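Chemist: Shown below is the structure under consideration.
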Amino acid sequence: MNARFNSLVINNPKSALAVMFLAIVLACIGFKNFWLSTSFKINFDKTNPLLIAMNEQEDTFSKNDNMVVLVIAKDGNIFNRQALQAIDELTDLGWKSPFASRVDSLTNFNSVESDNDNIVVEPVLDNPSTKTDEQLAKGKQAILNSPELKGYLVSNNGRSSIVLMTFQLPENPVGEIKQISDHVHHIVDQVAPKYPQVEFHVTGTVEASMSFTDAMLKDMALLLPIGYGLMIASLTLLLRSFWATVITLSLVSVVSVLVMGVKCWFDGAITAVNMFAPTMIMTIAIADCVHVLTGFLLHYREGLSKKEAMLTSLTESRKAVFLTSITTAVGFASLNFHESPTYRELGNLVVFGIGVAWFLVYALLPALVMVLPIKAGKPQNGAKQFMTAWANWVIKYPKQILAVMAIVSITIIAVGMPRNELNEMFTTYLDDTFEFKRSNTKLNEELGGIHRLLYTLDSGKENGIYEPAYLQRLDAFATWYRQQHGVSNVYTYTDVMKRLNRAMHNNDPQAYTLPDSVELAAQYALVHEMSLSEGQELTNMVSMDKRKTMLTVIVSETDSKALLALNKSAEDWLAKNATPEMKTKGVGLDLIFSNMAMTNIPSMVYGTFLCIVIVSLMLGVALKSWRLGTISLFVNSLPVAIALGLWGFINGRIDIGVAAVGTLSFGIVVDDTIHFMTHYQKFKQAGMQTVDAIREVFVSSGLAMITTTVALIGGFGILSFSHYSANANMGFLTAICMLLAILFDLLALPAWLVWRDTKNDTIKQ
């Protein structure tokens, strides 16, 4: 923005405010399209091969949207009459749930027996209240004789079981998720008081989506107001001007409204990630406002008129504000290298917000200053004395400061960095305040696994699943999987076939084998299907054309690396032992998240590297000194590296949020360096010696740098209290970066300049 535009705004403030008001109204209309998106699929590109495979799998078989009610018998026996009655009631009521397509439980599990040459398929534990003790014992034995159920519907120790409700949700469910969750919780609340000896826990993918919605609403209701309050407190304390605080908050609020309003015009979906874009935009926009207002107040106190002080401050800060806006935008634009579309959208929203903020600093801020009764106030002599003392201390001990910071930095990076480990499990995104998380923990403890790997195995032709060779390979794959560490259950079609064959041989345990002919397998399957009640069909594991089956693997609590390694071993086994048609890729939400995390690391490393290179080149050109640009590179790279080293001691888990910290932090932390270096260069060009120039920078810009950093730490730090761990980790680590950055800018940077530049000075004693 040039001086002519600044003068136009300063001389016509009411007109500028009127135009801004109209823009705000138009933007606010976009909020009519606002809606909360909680689908896990939004985290992946539509072109993601694993997502495509999962969608194809859901088109072939039943969908995997589910609610799980974990039922635990307090006496340790889930087969007691009371526990079974509770399960039976939940099963019946589960069928009445909206969008329910299937309910699986102990009380509707079908035992398979033979009657002459016929197969009799019937539930053995239904209506437990009417069963004799002998019948209950027989039903228990039938279930325990079905290996596919142990670790799936019933725990190995017979202490707990699940009621698994499957739903057919629309493509973009919104209200449907709440409707289902509310219903299931209602029926659990209805059943639970009747059975005090039974413990109930609710989880599942639908419950996960609902929990994420609750987390988003809680975060918006609590964290956003707290973040705003922290901004008010920090600005009031450090600016010491009521109206300067009002102006700053007004501007950043307008920026946030404009950005999100425009976003909702085109796409009203608000996710757990982009919901914090307003906070980030406001926090970043504060920096430009503070630097301009600090300069304005300084000149206003020196005796210039309000117009002259405002115009002078805008002119003096133009270069620094432009550079900081560009470099911060580059940092957030680098999030486009992120594997998750949600983080790419976050980056682009903030980039747009930075552009809007830069424009409004020249278009709105001067107008507000002219209209509002802001006063110059008294000089902050205490702050001036403090900054001068700080500068003198740095000037006195430059080598010692650099040595200590170098030793500490190298130690933290060398020891802490290797402690970080990749771990991307969506089940860990919420904290223990949510029932979903607590129930998942219980489910893992009781049944030994919550993570699912799914494999679609193609026979190559219609009705091909009855071929003995296909069934044998499928069974061999299942057998191999059951032998792997951490696998609690494998659920496959061959288990059904073995049960049918055993039943047709008078339940002879030796007959728990696969049928040896196509005709026999097809006959078993036909009779079995005709005997099943509605909703008990095998559509969850067999395709309609009998060409494909789905094998489900349940894995105990693990990390991304182990899950990916397990799936890689499985795919290698198929490549070596299966036919070309049977070769397939494992799918499942856990696997997609884990794979994304693994591929995201090199993407973000490249994005961070590119960001550093671009910003360094820009600084070199802007400062007209490659030496100063190189110094700035190290000063801003080290805080990010140290923060990641500290993260190894604090947490050590690298998720999609932490992976984004490098790029976005570098773009932000460089801002204070730019302000320091541009002012330092100005004072040096005016003829000041190094130590005098550094003192002047501390006095004129030091307080503004501290103020903006406090605001940044508060704005990002508040995210650390988010219920969504990816946001919490990103916010906390970014806040650490901000703190380290200001220490480097006000310790290492001036110490280096004193050490190197004084050699060219004629120091006055």
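Chemist: Looking for something under 24 Å from LYS548 (Cα atoms), out of contact with any Pro (no Cβ under 9 Å at 6 or more places or on another chain) and modelled with pLDDT of 90 or more - is there at least one such residue anywhere in segment 505-513?
Modeler: Scanning segment 505-513 turns up at least one residue that is under 24 Å from LYS548 (Cα atoms), out of contact with any Pro (no Cβ under 9 Å at 6 or more places or on another chain) and modelled with pLDDT of 90 or more.
Chemist: Hey, among PHE5, PHE21, PHE44, PHE31, which residue is within 29 Å of PHE266 (Cβ to Cβ), free of Cβ contacts under 8 Å to residues at least 40 places away in the same chain and not basic (Lys, Arg)? Walk me through how you get there before you give the answer.
Modeler: On the way: PHE5 fails: free of Cβ contacts under 8 Å to residues at least 40 places away in the same chain; PHE44 fails: free of Cβ contacts under 8 Å to residues at least 40 places away in the same chain; PHE31 fails: free of Cβ contacts under 8 Å to residues at least 40 places away in the same chain.
From the options PHE5, PHE21, PHE44, PHE31, the qualifying one is PHE21.
Chemist: Scanning segment 1-53 for residues that are aliphatic (A, V, I, L, M) and outside any helix (DSSP H, G or I), which turns out farthest from the chain's Cα centre (by Cα)? Break it down stepwise before answering.
Modeler: Keep residues of segment 1-53 that are aliphatic (A, V, I, L, M), which gives 1, 3, 8-10, 16-20, 22-27, 29, 36, 42, 50-53.
From the residues that got through so far, the ones that are outside any helix (DSSP H, G or I) too are 1, 36.
On the way: MET1: 37, LEU36: 15 Å.
Per the stated criteria, the residue is MET1.
Chemist: Surrounded by 20 or more Cβ atoms within 10 Å (Cβ to Cβ) and in a helix (DSSP H, G or I): does that describe ILE614? If you could, list the steps in order and put the result at the bottom.
Modeler: Details: surrounded by 20 or more Cβ atoms within 10 Å (Cβ to Cβ): no; in a helix (DSSP H, G or I): yes.
It is false that ILE614 is surrounded by 20 or more Cβ atoms within 10 Å (Cβ to Cβ) and in a helix (DSSP H, G or I).
Chemist: Could we say that TYR470 is closer than 23 Å to LEU144 by Cα and either of a type outside the set (Lys, Arg) or out of contact with any Gly (no Cβ under 6 Å at 6 or more places or on another chain) (or both) here?
Modeler: Working: closer than 23 Å to LEU144 by Cα: no; either of a type outside the set (Lys, Arg) or out of contact with any Gly (no Cβ under 6 Å at 6 or more places or on another chain) (or both): yes.
So TYR470 does not fit the description; no.
Chemist: May I ask you to list the residues in segment 353-373 that are of a type outside the set (A, V, I, L, M, F, W, C) and either in a helix (DSSP H, G or I) or touching a Leu at 6+ places or on another chain (Cβ under 6 Å) (or both)?
Modeler: Within segment 353-373, the first condition is being of a type outside the set (A, V, I, L, M, F, W, C), and the residues that meet it are 353, 355, 362, 366, 373.
GLY353, GLY355, TYR362, PRO366, listed by residue number.
Chemist: Would you check which residues across segment 409-422 are farther than 13 Å from GLY648 by Cα and either surrounded by 17 or more Cβ atoms within 10 Å (Cβ to Cβ) or touching a residue at least 12 places away in the same chain (Cβ under 8 Å) (or both) and list them? Talk me through it step by step, then tell me what you get.
Modeler: So in segment 409-422, the residues farther than 13 Å from GLY648 by Cα come out as 409-410.
Across segment 409-422, the qualifying residue is only SER409.
Chemist: Go through segment 659-765 and tell me which helices (runs of 4 or more DSSP H), entirely inside it, have 2 or more residues that are surrounded by 20 or more Cβ atoms within 10 Å (Cβ to Cβ) and of a type outside the set (A, V, I, L, M, F, W, C). Step through it out loud before you land on a result.
Modeler: On the way: elements: 661-685, 690-697, 703-717, 725-743, 749-757.
Because the criterion is at least 2 residues that are surrounded by 20 or more Cβ atoms within 10 Å (Cβ to Cβ) and of a type outside the set (A, V, I, L, M, F, W, C), the helices (runs of 4 or more DSSP H) in segment 659-765 that meet it are 661-685, 690-697, 703-717, 725-743.
Chemist: I need a count of the residues in segment 334-352 that are assigned to a helix (DSSP H, G or I) and in contact (Cβ under 8 Å) with a residue 24 or more places away in the chain.
Modeler: Final tally of qualifying residues: 13.
Chemist: Given the criteria more than 25 Å from GLY657 (Cα to Cα) and among the aliphatic types (A, V, I, L, M), does MET530 qualify? Let's see the steps before the verdict.
Modeler: Values: more than 25 Å from GLY657 (Cα to Cα): yes; among the aliphatic types (A, V, I, L, M): yes.
In short, yes.
Chemist: Next question, about the same structure. When only residues in segment 256-303 that are at pLDDT below 85 and charged (D, E, K, R) count, which is surrounded by the most Cβ atoms within 10 Å (Cβ to Cβ)?
Modeler: ASP288
Chemist: Ok, one more. Quick one: MET220 ticks every box in (1) hydrophobic (A, V, I, L, M, F, W, C); (2) under 30 Å from the mean Cα position of the chain (by Cα); (3) crowded, with 17+ Cβ neighbours inside 10 Å; (4) closer than 30 Å to VAL19 by Cα except a single one, so which number is it?
Modeler: Of the numbered conditions (1) hydrophobic (A, V, I, L, M, F, W, C); (2) under 30 Å from the mean Cα position of the chain (by Cα); (3) crowded, with 17+ Cβ neighbours inside 10 Å; (4) closer than 30 Å to VAL19 by Cα, the odd one out for MET220 is (3).
Chemist: A further question follows. Select, from LEU169, LEU125, the only residue that is over 27 Å from the mean Cα position of the chain (by Cα) and of a type in the set (A, V, I, L, M, F, W, C). Before the answer, list the steps.
Modeler: Values: LEU169 fails: over 27 Å from the mean Cα position of the chain (by Cα).
Of the residues listed, the single one that is over 27 Å from the mean Cα position of the chain (by Cα) and of a type in the set (A, V, I, L, M, F, W, C) is LEU125.
Chemist: Filter segment 557-571 for residues that are surrounded by fewer than 18 Cβ atoms within 10 Å (Cβ to Cβ) and among the polar types (S, T, N, Q) and give the result.
Modeler: Result: SER569, single match.
Chemist: With respect to LEU106, is the statement that it is over 18 Å from VAL188 (Cα atoms) and among the hydrophobic types (A, V, I, L, M, F, W, C) true? Walk me through how you get there before you give the answer.
Modeler: Details: over 18 Å from VAL188 (Cα atoms): no; among the hydrophobic types (A, V, I, L, M, F, W, C): yes.
For LEU106, the condition - over 18 Å from VAL188 (Cα atoms) and among the hydrophobic types (A, V, I, L, M, F, W, C) - is not met.
Chemist: Which members of segment 175-200 meet the condition of being part of a loop (DSSP other than H, G, I, E, B) and surrounded by 17 or more Cβ atoms within 10 Å (Cβ to Cβ)? Working first, answer last.
Modeler: From segment 175-200, those part of a loop (DSSP other than H, G, I, E, B) are 195-197; that's our starting set.
Passing the criteria: only TYR195.
Chemist: Could I ask something else about it? For segment 269-296, what are the residues that are aromatic (Phe, Trp, Tyr) and closer than 21 Å to THR734 by Cα? It would help to see each step written out before you state the result.
Modeler: Residues of segment 269-296 aromatic (Phe, Trp, Tyr): 276, 296.
Selection gives PHE276 alone.
Chemist: So, one more: Working only within segment 1-44, note down all residues that are charged (D, E, K, R) and either surrounded by 15 or more Cβ atoms within 10 Å (Cβ to Cβ) or touching a Pro at 6+ places or on another chain (Cβ under 6 Å) (or both). Even if it seems obvious, please write down each step before you answer.
Modeler: First pass over segment 1-44, keeping only residues charged (D, E, K, R): 4, 14, 32, 41.
Selection gives LYS41 alone.
Chemist: Shifting gears a bit: Out of all the residues in segment 54-97, which are at pLDDT below 90, assigned to a helix (DSSP H, G or I) and among the hydroxyl-bearing types (Ser, Thr, Tyr)?
Modeler: Hit for segment 54-97 is THR60, nothing else.
Chemist: Show the residue pairs meeting these rules: Cβ distance below 9 Å; 6+ apart or different chains; first residue within segment 499-518 and on the phi > 0 side of the Ramachandran plot; second residue of a type in the set (S, T, N, Q).
Modeler: ASN506/SER114; ASN507/SER114; ASN507/ASN145
Chemist: Could I ask something else about it? Any idea which of ASN595, ASN540 is surrounded by 17 or more Cβ atoms within 10 Å (Cβ to Cβ) and assigned to a loop (DSSP other than H, G, I, E, B)?
Modeler: Working: ASN595 fails: assigned to a loop (DSSP other than H, G, I, E, B).
After ruling out the rest, the residue left standing is ASN540.
Chemist: Within segment 233-242, which residues are over 11 Å from GLY715 (Cα atoms) and part of a helix (DSSP H, G or I)?
Modeler: First, the residues of segment 233-242 that are over 11 Å from GLY715 (Cα atoms): 233, 235-242.
Selection gives ALA233, LEU235, THR236, LEU237, LEU238, LEU239, PHE242.
Chemist: Next question, about the same structure. For segment 443-453, state whether one or more residues are aliphatic (A, V, I, L, M), within 29 Å of the chain's Cα centre (by Cα), crowded, with 17+ Cβ neighbours inside 10 Å and modelled with pLDDT of 90 or more.
Modeler: Let us first name the residues in segment 443-453 that are aliphatic (A, V, I, L, M), namely 443, 447, 450, 453.
The next check asks that each one be within 29 Å of the chain's Cα centre (by Cα); those that pass are 443, 447, 450, 453.
Next, from what is left, pick out any that are crowded, with 17+ Cβ neighbours inside 10 Å: 443, 447, 450, 453.
From the residues that got through so far, the ones that are modelled with pLDDT of 90 or more too are 453.
The answer is yes; a qualifying residue exists.
Chemist: I would also like to ask the following. Might you check whether a residue that is out of contact with any Gly (no Cβ under 8 Å at 6 or more places or on another chain), surrounded by fewer than 24 Cβ atoms within 10 Å (Cβ to Cβ), under 29 Å from ILE592 (Cβ atoms) and modelled with pLDDT of 90 or more occurs anywhere in segment 356-373?
Modeler: No, that holds for no residue.
The values are calculated or read from the model by the stated rules, or taken from the named source; none is laboratory data. Just so it is clear, the structure is predicted and the values come from calculations on it, not from any experiment. Glycine also receives a Cβ, built like all others from the backbone with ideal geometry; neighbour counts cover every protein chain displayed.
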